[in-house]
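Enquirer: Have a look at the structure that comes next, please.
The values are calculated or read from the model by the stated rules, or taken from the named source; none is laboratory data. Note that the structure is a prediction, hence the values are computed from the model and not measured. Glycine gets a Cβ as well: all are built from the backbone with ideal geometry, and neighbour counts include every protein chain shown. Just so you know, the surface numbers come from the protein's heavy atoms only, side chains and all, with ligands and any DNA or RNA stripped out. Shrake-Rupley method; radii C 1.70, N 1.55, O 1.52, S 1.80 Å.
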Amino acid sequence: MNDTERGPGIRRILVALDASSQSLAALETAADLAGRFKADLVGLFVEDIDLLRAAEFPFAAEISMFSTATRRLQLPELEMQLRAQAGQMRKALEALSAREGISGQLRVVRGSVISEILSAEPDADLIVVGKRGWSMSKRLGSTLQMILFRGRGMTLVLHPGVRIALPVVTVYDGSALSQKALGAATQFVQVRDGLLVVMVIAEDEDSAVKMGAAVVDRLRGIGQRAEVRTLIRPSLRRLVHAVQGMGPVVVPCGSGVLRPEGLCEIINVIQNPVLLVR
């Protein structure tokens, strides 16, 4: 397996943080991965400029989580809350970095959430985001959808309350991008010493057999044990059913059911963490 097939090295992990409770869980997962990969960890806390601008309007109000009562949302109070939340994230990041023996830092920026994350993306080998970070909906919010559509590197999407487990499963269709995804999946498996499941997607049985044999040969060369399964021209529903309940799903973003629209639906439906490889 050559360097391209092994996937990019993960030396710097960026975790997107905000004021949601999901952020701490995402930070813990990112710190665990940074420790296993011996990577630097950067937390990016975004003070959402749209939220701050909304607080300047006289009709802006805050709704209590424990009642239906509302109260006037004041800009100075909101800024104070954001500073306090950033401080809590900084303390948590420092503690987790010390525990994992890694270099960690928190960046606090004010601006558009989407723009700030995409601007920071080129400096990171992996971006970690929570599915519900900026949205209380169970489905993907517009912020995360834009990150998925416009992102260029590897993005790990975490679901609330779901930790990274084994086996790791990757989708493989023989393309150069799926070879890159196979390499990334191999890295995730090796840091946890577990089983890799390769889901081969093909147009017919003959093609599936050939691709499966090629995958086995490549993985045997690096001593990686794997289980190869095949799906012939699967629908989105069938693909979701095939990977449901396993560990992280490593997906090459690109063709067929793996286009952005299909990927959004996959992330909405399954509970697995999803690693998008571009």
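Enquirer: Could you work out the relative contact order of the chain? I mean the mean sequence separation of Cα pairs under 8 Å and 6+ apart, divided by the number of residues, in percent. Intermediate results must be reported in sequence, preceding the final value.
Expert: Numbers: 535 pairs, mean separation 57.1, N = 278.
The normalised contact order for the chain reaches 21 percent.
Enquirer: Ok, one more. Please state the shape class of the chain: rounded when a/c is under 1.5, otherwise prolate if a/b exceeds b/c and oblate if not, all from the C-alpha gyration tensor. Intermediate results must be reported in sequence, preceding the final value.
Expert: Numbers: a/c = 2.50, a/b = 1.77, b/c = 1.41.
It is prolate, given that a/c is not under 1.5 and a/b is the larger ratio.
Enquirer: Right, next: At most 10 other C-beta atoms within 10 Å and a DSSP loop state: those are the exposed chymotrypsin sites (Phe, Trp or Tyr not before Pro) I care about. Give me the longest piece of the chain that has none. Kindly include the intermediate steps, with their values, before the conclusion.
Expert: Values: sites that count: F59, F66.
Here the longest segment lacking exposed loop sites spans 67-278.
Enquirer: Output ³J(HN,Hα) for region 248-254: one whole-Hz value per residue in order, computed from phi by the Karplus curve 6.51 cos²θ - 1.76 cosθ + 1.60 with θ = phi - 60°, and x for Gly and Pro.
Expert: x, 9, 9, 10, x, 6, x
Enquirer: Let me ask you something else. Just tell me the longest site-free run in the chain, where the sites are GluC sites (Glu not before Pro) in a DSSP loop having at most 16 other beta-carbon atoms within 10 Å. Before the final figure, lay out each step's value.
Expert: Details: sites that count: E56, E203.
After excluding every exposed loop site, the longest remaining stretch is 57-202.
Enquirer: Taking the full set of protein chains and a 1.4 angstrom probe, give the accessible area of S235 in square angstrom, rounded to the nearest 10.
Expert: Estimated to the nearest 10 Å², S235 gives 60 Å².
Enquirer: Something else now. Is there a pair in K38/K210; K91/K131; K180/K210 whose C-alpha atoms are over 28 Å apart, and which pairs would that be? Write out the running numbers ahead of the final one.
Expert: Numbers: K38/K210 36 Å; K91/K131 23 Å; K180/K210 18 Å.
Violating the 28 Å Cα-Cα cut-off are K38/K210.
Enquirer: OK, next. Karplus couplings for region 103-110 from phi (6.51 cos²θ - 1.76 cosθ + 1.60, θ = phi - 60°), rounded to Hz, Gly and Pro as x?
Expert: Karplus-based 3J(HN,Hα) across region 103-110 equals 8, x, 8, 10, 9, 10, 10, 10 Hz.
Enquirer: What does the charge dipole of region 125-278 about its Cα centre add up to, to the nearest 20 debye, if the Cβ of each Lys and Arg holds +1 and the Cβ of each Asp and Glu holds -1? Provide the component values of the computation, followed by the final result.
Expert: Values: 19 positive and 11 negative charges, 109 e Å.
Dipole of region 125-278, to the nearest 20 debye: 520 debye.
Enquirer: I've got another one for you. Could you pull out every residue, at least 5 positions away or on a different chain, whose amide H is within less than 5 Å of the one on G104? Hs are placed 1.01 Å off N in the peptide plane, and Pro or chain starts have none.
Expert: Amide H neighbours of G104, under 5 Å, 5+ apart: L41.
Enquirer: Rounded if a/c is under 1.5, else prolate if a/b beats b/c, else oblate: with a ≥ b ≥ c from the C-alpha gyration tensor eigenvalues square-rooted, which is region 121-227? Provide the component values of the computation, followed by the final result.
Expert: Values: a/c = 2.10, a/b = 1.76, b/c = 1.19.
Cα axes put region 121-227 in the prolate bin.
Enquirer: If you count the DSSP beta bridges with both ends in the chain, what percent of them are antiparallel, to the nearest 5? Walk me through the numbers on the way to the answer.
Expert: Details: 6 of 46 bridges.
Here the antiparallel bridges make up roughly 15 percent for the chain.
Enquirer: At a 1.4 Å probe, what is the % contribution of carbon and sulfur to the accessible area of the chain? Intermediate values should be presented prior to the final figure.
Expert: Working: 6830 of 13310 Å².
After summing per-atom areas, the C and S share lands at 51 percent.
Enquirer: Enumerate the amide H contacts of S112 below 5 Å, restricted to partners 5 or more residues apart or on another chain; note that Pro and chain-start residues carry no placed amide H.
Expert: Correct list: I49.
Enquirer: Rounded to whole Å, give me the distance from the Cα center of region 257-278 to that of region 158-175.
Expert: One Cα centre to the other: 10 Å.
Enquirer: According to the Kirkwood expression over distinct Cα-Cα pairs, how big is the hydrodynamic radius of region 141-180, in Å? Provide the component values of the computation, followed by the final result.
Expert: Values: mean 1/r = 0.0788 Å⁻¹.
Roughly 12.7 Å, rounded to one decimal.
Enquirer: Okay, next question. Using a 1.4 Å probe, what is the accessible area per residue for the chain, in Å²? Intermediate results must be reported in sequence, preceding the final value.
Expert: Values: 13310 Å² over 278 residues.
Per residue, the chain has 48 Å² of solvent-accessible surface.
Enquirer: May I ask you to rank H241, H159 by accessible area, largest first, using a 1.4 Å probe over the protein chains only? Display every interim value, and only then the final one.
Expert: On the way: H241 150, H159 5 Å².
Sorted descending by solvent-accessible area, the residues read H241, H159.
Enquirer: If you place +1 on the Cβ of every Lys and Arg and -1 on the Cβ of every Asp and Glu, how big does the dipole about the Cα centre of the chain come out, in debye to the nearest 20?
Expert: So the magnitude is around 300 debye.
Enquirer: Let me ask something else. What ³J(HN,Hα) values, in whole Hz, does the Karplus curve 6.51 cos²θ - 1.76 cosθ + 1.60 give for region 37-44 when θ = phi - 60°, with x put for Gly and Pro?
Expert: For region 37-44, the Karplus curve yields 8, 6, 9, 6, 10, 10, x, 10 Hz.
Enquirer: With the cut-off at 1.5 for a/c, could you classify region 183-278 from its C-alpha gyration tensor as rounded, prolate or oblate?
Expert: Values: a/c = 1.89, a/b = 1.20, b/c = 1.57.
It comes out oblate by the Cα gyration axes.
Enquirer: Counting helices only, and only those DSSP H runs with n ≥ 4, report the 222 nm mean residue ellipticity of the chain as the sum of -39,500 (n - 2.57) divided by its residues, in deg cm²/dmol to the nearest 500.
Expert: Working: 10 runs with 118 residues, N = 278.
The helix contribution divided over the chain gives -13000 deg cm²/dmol.
Enquirer: Amide H neighbours of L126 under 5 Å, counting only residues 5+ apart in sequence or on other chains, H built in-plane at 1.01 Å?
Expert: R12, L14
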